[in-house]
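Below is one structure, written out as structure tokens; comments come after it.
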Amino acid sequence: MLLLTKLGADVWVCAPATLIPAGLRQMGVRVTTRVDEAVEGADVIMMLRIQLERMQGGYFPSLREYFTTFGMTEERVRRARPDAIIMHPGPINRGVEIASEVADGSASVILDQVANGVAVRMAVLYLLAGGTEHEAVA
Amino acid sequence: MTQQRLLKGGRVVDPANGRDGVFDVLIDGDRIAEVGSNLPADGAEIIDVPAGLIVCPGLIDMHVHLREPGQEHKETVATGVAAAVAGGFTAVACMPNTRPVNDNAGVTQLILQKAREAGLARVYPIGAVSRGQQGEELADIAELRAAGCVAVTDDGLPVATAILARRALEYTSMFNMPLIEHCEDQTLKGDGVAHEGPVAASLGLRGIPGVAEAITAGRDILLAEMTGGHVHIAHMSAWTTIEAVRQGKSRGVNVTCEVCPHHFTLTDDLLAAPVAYDTNTKMNPPLREARDRDAMIAGIVDGTVDVIATDHAPHHYDEKNVEFDRAPFGIVGLETAVSITLDTLVRTGLITVSRMVELMSVNPARILRVAGGRLSPGDPADITILAPHLQVTIDKTKSISKSKNTPYHGWSFRGGVAATMVGGKTVYTNPATGMRL
């Protein structure tokens, strides 16, 4: 969020009001509870997983209502730009924050994102553990 | 061409449009077409409004128990809306403590279907805050909203915990609907049955202190301030509660509130005399002391109170015909609210008719975000015609509600309802007022 805004992206954050951290607006992002508004004209839609402790914490009534109110469906994706890509760091909860049709659709780059995420983590761990660029190339 | 009707020569009181004077009201089909002086008939059916009657936007009672589904021996949607229109209400909002609880779209749709079949007053269902009103997890509030609920509440009980009230205020704010709170700390209420004070002590009844209400109201006002949600404090009865609301409003908190006619007219003295232990004086919150009653009147006069609502709570004769301790809380109110308000607040000069219309029409519509509350061209033709000089004696044996549990039986008031019109259709007329529709 901080990096994207630093690089000039127009970042919108959407979640139920019960899950939006206090002071989020001060971080330079736009905050909404209406998913249609967040998606409108977007270049990139990135979903995040609802974690189990959130599901059990009473932040929203039910997974069914979460999906009908906030879930990323094909219908909602149509509000974004025609060439918009769908991202998600995984693991995904099918039918909760994202519909399978969207996760597996042609606009989805989720598997690339996850593969790249593994490479990036490996590199960071390697460098933090004392590795050098030379050895890394070797 | 739709049917046109012209209400001629009445005193029109429409505070939302800054109107109080003699005007004609032209109705086209189910909508208001025009309000003005000496409107031409142009083929419209002319309805003469007798001198002295008041034409105002339809009254809305935002706190009633229609008991259907599940307790149809007390009231049904059909009998409830019939009582509503006889009492001058063109719309009612009904509480979710039915059986099953209105915590899902199926129950909401059933209530709306029954209301359509009855075809009298408009019915706005209110959904539960928590699943089964159990106070544990949020009900499917988005689903309730989509099905037609205009607010949520766990009425009969307060929202059980501060964390649930917080979540409810945050969650409802997404759907532009208020959280209506029945304020009552359950630990302080305990098994009380009457206001905690000298009267309850002398009658040997267990008390419910006024602060049991104010503590929960204070909690919810602070949470509304923190979350930006809208809390509506239902049926205030204690002076400490209205003080908490007044302070919240002065800080700009999104808080609104209502008072019931019995709490601005009666005190707990009625539990002792003329008939001691009359279970029709038992309701929740209870009748309190003069200081509390006078604080309700002061709040109505100074603008702190937004709404007069009835908390119409029908109970069957057999359920009330038991010892005071064992009787259910609640009294009916739909058919008496207008007479009580016109007599005790308007006739006495405490408030104007215009303020009464704000309290019973403009503000309920605004709080629930529903149509009505004004007579502007294009608005639904929901109209109440008041008869401020009509002498009314409350006779429970003639009540239209299925239940008769009123403490006002035999009381006389000056003021009543002449006619009620919903969507341009006459749904109630009182011939004693000279009104013919």
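The values are calculated or read from the model by the stated rules, or taken from the named source; none is laboratory data. Everything numeric here is computed off the predicted structure, so don't read it as measured data. Counting neighbours? That spans all protein chains shown, and the Cβs are built from the backbone with ideal geometry, glycine included.
In table form, for the structure just shown:
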item	result
Evaluation of B:GLN133 against (1) within 12 Å of chain A (Cβ to nearest Cβ); (2) over 22 Å from B:ALA214 (Cβ atoms); (3) buried (at least 21 other Cβ atoms within 10 Å of the Cβ) (one fails), failing number	(1)
Selection within the stretch B:168-193 - more than 9 Å from chain A (Cβ to nearest Cβ) and charged (D, E, K, R)	B:GLU181, B:GLU184, B:ASP185, B:LYS189, B:ASP191
Residue identified as in the same structural domain as B:ASN284 (by TED's automatic domain parsing), farther than 30 Å from B:GLY204 by Cβ and out of contact with any helix residue (DSSP H, G or I) (no Cβ under 7 Å at 6 or more places or on another chain) among B:VAL301, B:VAL353	B:VAL301
Test result for B:ALA139, touching a helix residue (DSSP H, G or I) at 6+ places or on another chain (Cβ under 7 Å), touching a residue at least 40 places away in the same chain (Cβ under 8 Å) and either surrounded by 18 or more Cβ atoms within 10 Å (Cβ to Cβ) or away from chain A (no Cβ under 14 Å) (or both)	no
3 or more residues within 16 Å of the chain's Cα centre (by Cα): qualifying helices (runs of 4 or more DSSP H) within the stretch A:87-138	A:100-103, A:110-128
Among the residues listed as B:ALA160, B:ALA168, B:ALA151, the single one being over 30 Å from B:PRO380 (Cα atoms), surrounded by 24 or more Cβ atoms within 10 Å (Cβ to Cβ) and among the aliphatic types (A, V, I, L, M)	B:ALA168
Pairs where the first residue, in the stretch B:388-408, is over 14 Å from B:THR76 (Cα atoms) and without any contact (Cβ under 8 Å) to a residue 24 or more places away in the chain and the second is surrounded by fewer than 20 Cβ atoms within 10 Å (Cβ to Cβ) and of a type in the set (Gly, Ala, Ser), C-beta under 6 Å, 6+ apart	B:THR393/B:SER412
Selection within the stretch A:1-60 - part of a helix (DSSP H, G or I), touching a strand residue (DSSP E or B) at 6+ places or on another chain (Cβ under 8 Å) and at pLDDT below 90	A:ARG25
Test result for B:HIS232, part of a strand (DSSP E or B), in contact with a helix residue (DSSP H, G or I) (Cβ under 8 Å, 6 or more places away or on another chain) and assigned by TED's automatic domain parsing to the domain that holds B:VAL305	yes
Scope the stretch B:58-106; condition within 19 Å of B:SER130 (Cα to Cα) and small (Gly, Ala, Ser); matching residues	B:GLY70, B:ALA93, B:ALA105, B:GLY106
Scan of the stretch B:166-185 for residues that are outside any loop (DSSP other than H, G, I, E, B), of a type in the set (A, V, I, L, M) and either over 18 Å from the mean Cα position of the chain (by Cα) or outside the structural domain of B:THR241 (by TED's automatic domain parsing) (or both), ordered by number	B:ALA168, B:LEU169
Any chance A:LEU52 is loosely packed, with under 13 Cβ neighbours inside 10 Å and not basic (Lys, Arg)	yes
A:THR5 of a type in the set (Val, Ile, Thr), away from every other protein chain (no Cβ under 14 Å) and farther than 15 Å from A:PHE67 by Cβ	yes
Tally, over the stretch B:117-156, of residues that are part of a helix (DSSP H, G or I), among the aliphatic types (A, V, I, L, M) and farther than 20 Å from B:ALA84 by Cα	5
Residue match in the stretch A:18-26 (condition: under 15 Å from the mean Cα position of the chain (by Cα) and within 14 Å of another protein chain (Cβ to nearest Cβ))	yes
Restricting the stretch A:65-84 to residues that are in contact (Cβ under 8 Å) with a residue 40 or more places away in the chain and within 14 Å of chain B (Cβ to nearest Cβ), the residue that is surrounded by the most Cβ atoms within 10 Å (Cβ to Cβ)	A:PHE70
Helices (runs of 4 or more DSSP H) lying entirely in the stretch B:275-378 (those with 2 or more residues that are under 30 Å from B:GLY192 (Cα atoms) and without any contact (Cβ under 8 Å) to a residue 40 or more places away in the chain)	B:290-302
Per-region count, the stretch B:393-413, residues part of a strand (DSSP E or B) and over 20 Å from the mean Cα position of the chain (by Cα)	2
Sole residue being at positive phi and either assigned to a strand (DSSP E or B) or surrounded by 22 or more Cβ atoms within 10 Å (Cβ to Cβ) (or both), chosen from B:GLY9, B:GLY52, B:GLY43	B:GLY9
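For every residue, the table says whether it meets (1) charged (D, E, K, R); (2) more than 22 Å from B:GLU117 (Cα to Cα).
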position	(1), (2)
B:GLY10	no, yes
B:GLY18	no, yes
B:GLY21	no, yes
B:LEU26	no, yes
B:VAL49	no, yes
B:VAL55	no, yes
B:ASP61	yes, no
B:GLY70	no, no
B:MET95	no, no
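Yes/no per residue for (1) away from chain A (no Cβ under 14 Å); (2) touching a residue at least 60 places away in the same chain (Cβ under 8 Å); (3) part of a helix (DSSP H, G or I):
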position	(1), (2), (3)
B:THR79	yes, yes, yes
B:THR98	yes, no, no
B:GLN109	yes, no, yes
B:ALA115	yes, no, yes
B:LEU164	no, no, yes
